[in-house]
Amino acid sequence: KVRAVYPDETVDSVCPFCGVGCLTKVSVKSGKIVQVEGRDGPANENRLCVKGRFGFDYVASPERLTKPLIRRDDAPKDQNIELNGSNYLDVFREATWDEALDRAAAGLQESYAAKGGAGISGFGSAKGSNEEAYLFQKLIRQGFGSNNVDHCTRLCHASSVAALMEGIGSGAVTAPFRAALDADCVIVIGARPEQNHPVTATYLKQAAKKGSKLVIMDPRHQGLMRHADHGLIFKPGTDVAMLNAMLNVIITEGLYDRQYIAAHVDGFEALKEKVSEFTPEAMAPVCGIDAQTLRDVARLYASSGKSIIFWGMGISQHVHSTDNVRCLIAMALITGHIGRPGTGLHPLRGQNNVQGASDAGLIPMVFPDYRSVEDPNIRAEFEDAWGRTLDPQRGLTVVEIMDDIIADGIEAMYVMGENPAMSDPDQHHARKALTTLKHLVVQDIFLTETAWHADVILPASAHAEKLGTYTNTNRQVQIGRPCVPLPGEARADWELLMELANRLDLDWTYSGVPEIYEEMRSHMPSLAHISWERLERDGTVTYPADADDTPGNEILFGDSFPTEDGRARIVPTDLVPPAELPDSDFPFVLTTGRMLEHWHTGAMTRRATVLDALEPEPVVSMHPKDIRAAGFTLGQQVTVETRRGAITLTLRADRDVSSGMLFMPFCFSEAPANFLTNPQLDPYGKIPEFKFCAARIAPAMAE
Ligand code: SF4
């Protein structure tokens, strides 16, 4: 039986989930969202995936936080408190807004008085808007003179940003993903767009159908390989071996672009010398791809008129992840496959605003627009604008902050919309850090696993309840609009930031989101010519734009790069093995990631009825051959263990998972995968090695 829906109103907005940035039309009836459809946005042309279309009712979940909460004096700070099935009202008591905000500010001030900026840290979020990201980093920097402010880009693409900034002077994509439609050759490496960027996957399939040669490279099989000319399933952790072998072929066979290199690129001779030892024959046994295939793919990429590379966290979540990206950059630079339609470098961004939050300065090393906190001239600009002396040292990153807490350094933290008690590696360590804090303020829409550790909880706004801008993976700045009212006493995030700032005597007087956007923009040359008024008028504008009335530049770096001398720089790489290799005690490679139906730590999608019905329980996936060899049965409970912990969950057969590997999504709070992951960091991007650690699996012990 089909039931017609007659909404009271429809609101034009943007999807709250992945970095694709699909524009949506949200239908509202009696103050609730009843339907979401795609709009004709530049990134989606009316398309939506299952998350965007069906993942909306988390907004009206009965689990929403509706009143400020303060931890009871006698409530223990147990590191697994939410896993122990506690009743939240035994742990927290409801409070008035004034009491909660006063308590939140006082705790932060106490730690600041004791230790200065070194005692304070803040985790903002790539789920929040640009304006929220800007205000959050401003609060930590201006209010506490600290650069210990970071967010989850540290856990996804920090290494991509590090390598891109070093190589081409810009941390964003050089071309939108629709550029694949103009390409002759499309490489997708370490990414699973059908699961994690589903609308992008539709364009990749379209590109393949119209004749682009599609190359998918991943340690796991994936559905997109059905559309590909080459599907390379390489051994996990061997990206540099495989990519250096391709660089070797391109150079030894003279397939590089001499003119382009002479005009635009430094470091070619050093690369040539370095990759001379990485012959396809030598690297084939290392990466598991035969030498002829390595040659074929290298020739295809280099010889095609227009080639483009997409990558995801399979590239960026390793201890050698910056090196992985350096190899991809080198491939594009020596072939001149950058700066023209159908060419470029595109790290597929994970969360809806991970690009924008990074651009807005939610990073410990840089102010908005990636301007160094260590540069005295830049710092002086912000000190003038904000009226306070600012920290001249770069701050600590996400995992470093957790380590510093345990080392008796940082003692207070403000978390807005992040969930480190699910997203950080080695959860025993991360949760111990959260319980060690003297003062933790959490601003969120749900009682997340992190919020259970808080001293003060501030109920905040869901995406569908607020106004704000979001920057997608294509550098398109788009407006998200309020569709439904805030529940109970929950408040807009920017208002809460301003309330706290004024309790720190910062004297903020913003009248609303447009004013915050314009202040942020005044510090961001990248947003020149993209006023709030223009966004209201045009709906979407790609940055950078050259004038108020011309479209933004989708393809970048045709003439030069935004480096000091305008030239790009190649950094040759060596083989660095994963930090923890399988052995006789832990014979499997465990890799973690996302699934189509659930998004990141699951705080939103696990509370979306349709999505949770599709994937309701934690699973570990294993190749059927390995299941048979181990004598397991499908659907049985198994325990997966690493050197950091063990969790019990359901066994699933999956032919996509290579023999010898285990795959686990990290969205299930009942069995958090990150109790198992390795916190070892890439030395440049400071990103943990989520994609590789040694594990073992056994039948679960009966209760
Ligand atoms: Fe939302 Fe991403 Fe799906 Fe588009 S592809 S509907 S942005 S989750």
- Task: Would you be able to tell me the number of residues in region 246-271 that are over 12 Å from ALA330 (Cα atoms) and hydrophobic (A, V, I, L, M, F, W, C)?
- Result: 4
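Conditions (1) within 26 Å of GLY167 (Cα to Cα); (2) assigned to a helix (DSSP H, G or I), marked per residue:
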| residue | (1), (2) |
| --- | --- |
| ALA191 | yes, no |
| ALA201 | no, yes |
| LYS205 | no, yes |
| ASN244 | yes, yes |
| LYS272 | yes, yes |
| ALA298 | yes, yes |
| ALA302 | yes, yes |
- Item | Residue in region 607-614 that is among the aliphatic types (A, V, I, L, M) and either assigned to a loop (DSSP other than H, G, I, E, B) or surrounded by 21 or more Cβ atoms within 10 Å (Cβ to Cβ) (or both) present | yes
- Message: Tell me whether region 49-56 contains one or more residues that are surrounded by fewer than 17 Cβ atoms within 10 Å (Cβ to Cβ), within 16 Å of the ligand (Cβ to nearest atom) and not charged (D, E, K, R).
- Response: yes
- Query: How many residues are surrounded by 24 or more Cβ atoms within 10 Å (Cβ to Cβ) and closer than 23 Å to TRP311 by Cα when one looks only at region 362-390?
  - Reply: 2
- Note on the structure: The condition from (1) among the polar types (S, T, N, Q); (2) under 30 Å from HIS346 (Cα atoms); (3) in a helix (DSSP H, G or I) that ASN147 misses is numbered (3)
- Item | Hits in region 452-477 (condition: away from the ligand (no atom under 16 Å from the Cβ) and buried (at least 24 other Cβ atoms within 10 Å of the Cβ)) | TRP452, HIS453, ALA454, VAL456, ILE457, LEU458, PRO459, ALA460, SER461
- Query: Is it the case that some residue within region 362-373 is outside any helix (DSSP H, G or I), among the polar types (S, T, N, Q) and within 16 Å of the ligand (Cβ to nearest atom)?
  - Reply: no
- Top-ranked residue of region 92-128 - restricted to ones that are in contact with a strand residue (DSSP E or B) (Cβ under 8 Å, 6 or more places away or on another chain) and in a loop (DSSP other than H, G, I, E, B), ranked as nearest to MET604 (Cα to Cα): LYS127
- Of (1) within 16 Å of the ligand (Cβ to nearest atom); (2) not in a loop (DSSP other than H, G, I, E, B), THR10 satisfies every one except (1)
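Just the residues that are assigned to a helix (DSSP H, G or I) and surrounded by 12 or more Cβ atoms within 10 Å (Cβ to Cβ), please, taken from region 67-91. Before the answer, list the steps.
Just the residues of region 67-91 that are assigned to a helix (DSSP H, G or I), to begin with: 88-91.
TYR88, VAL91, listed by residue number.
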- With respect to the numbered conditions (1) at pLDDT 95 or above; (2) part of a helix (DSSP H, G or I); (3) buried (at least 24 other Cβ atoms within 10 Å of the Cβ), which one is the sole condition not fulfilled by THR153? (1)
- Task: Identify the single condition in (1) in contact with a Pro (Cβ under 9 Å, 6 or more places away or on another chain); (2) not in a loop (DSSP other than H, G, I, E, B) that HIS318 does not satisfy, given that it satisfies every other one.
- Result: (2)
- Task: Hey, can you tell me all the residues within region 209-224 that are surrounded by fewer than 19 Cβ atoms within 10 Å (Cβ to Cβ), away from the ligand (no atom under 16 Å from the Cβ) and not in a loop (DSSP other than H, G, I, E, B)?
- Result: LYS209
- Message: Looking at THR573, THR601 in this structure, which one is surrounded by 19 or more Cβ atoms within 10 Å (Cβ to Cβ), polar (S, T, N, Q) and modelled with pLDDT under 95?
- Response: THR601
- Please enumerate the residues belonging to region 633-681 that are of a type in the set (S, T, N, Q) and surrounded by fewer than 20 Cβ atoms within 10 Å (Cβ to Cβ). THR633, GLN636, GLN637, THR639, THR648, THR650, SER659, SER669, GLN680
- Task: Might you check whether a residue that is within 24 Å of the chain's Cα centre (by Cα), among the small types (Gly, Ala, Ser) and within 16 Å of the ligand (Cβ to nearest atom) occurs anywhere in region 131-154?
- Result: no
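Would you be able to say whether some residue in region 69-81 is touching a helix residue (DSSP H, G or I) at 6+ places or on another chain (Cβ under 8 Å) and either within 12 Å of the ligand (Cβ to nearest atom) or over 29 Å from LEU458 (Cβ atoms) (or both)?
Narrowing region 69-81 to residues touching a helix residue (DSSP H, G or I) at 6+ places or on another chain (Cβ under 8 Å): 69-72, 75, 77-81.
Add one more test, that the residue is either within 12 Å of the ligand (Cβ to nearest atom) or over 29 Å from LEU458 (Cβ atoms) (or both), and what stays is none.
No, every residue in region 69-81 fails to be touching a helix residue (DSSP H, G or I) at 6+ places or on another chain (Cβ under 8 Å) and either within 12 Å of the ligand (Cβ to nearest atom) or over 29 Å from LEU458 (Cβ atoms) (or both).
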- Verdict on ILE33 being more than 12 Å from the ligand (Cβ to nearest atom), part of a strand (DSSP E or B), more than 14 Å from VAL484 (Cα to Cα) and touching a residue at least 40 places away in the same chain (Cβ under 8 Å): no
- Query: Quick one: in region 274-288, which of the residues that are part of a loop (DSSP other than H, G, I, E, B) and under 32 Å from the mean Cα position of the chain (by Cα) is surrounded by the fewest Cβ atoms within 10 Å (Cβ to Cβ)?
  - Reply: GLY288
- Kindly check whether there is at least one residue in region 37-45 that is near the ligand (Cβ under 10 Å from one of its atoms), within 25 Å of ALA603 (Cα to Cα) and part of a helix (DSSP H, G or I). no
- Task: Those residues that are within 16 Å of the ligand (Cβ to nearest atom) and closer than 13 Å to ILE309 by Cα, I need them from region 179-192; list them, please.
- Result: ALA180, VAL188, ALA191
- From the list VAL28, VAL91, VAL59, which residue is among the β-branched types (Val, Ile, Thr), at pLDDT 95 or above, more than 11 Å from the ligand (Cβ to nearest atom) and over 24 Å from the mean Cα position of the chain (by Cα)? VAL28
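Would you mind finding the one in ILE410, ILE405, ILE378 that is at pLDDT 95 or above, over 21 Å from the mean Cα position of the chain (by Cα), more than 16 Å from the ligand (Cβ to nearest atom) and not in a helix (DSSP H, G or I)?
Only one candidate passes the filter, namely ILE410.
The values are calculated or read from the model by the stated rules, or taken from the named source; none is laboratory data. The shown structure was predicted, so the numbers you read here are calculated from the model rather than taken from an experiment. For neighbour counting, all protein chains shown are included, and Cβ atoms are generated from backbone atoms with ideal geometry for every residue, glycine included.
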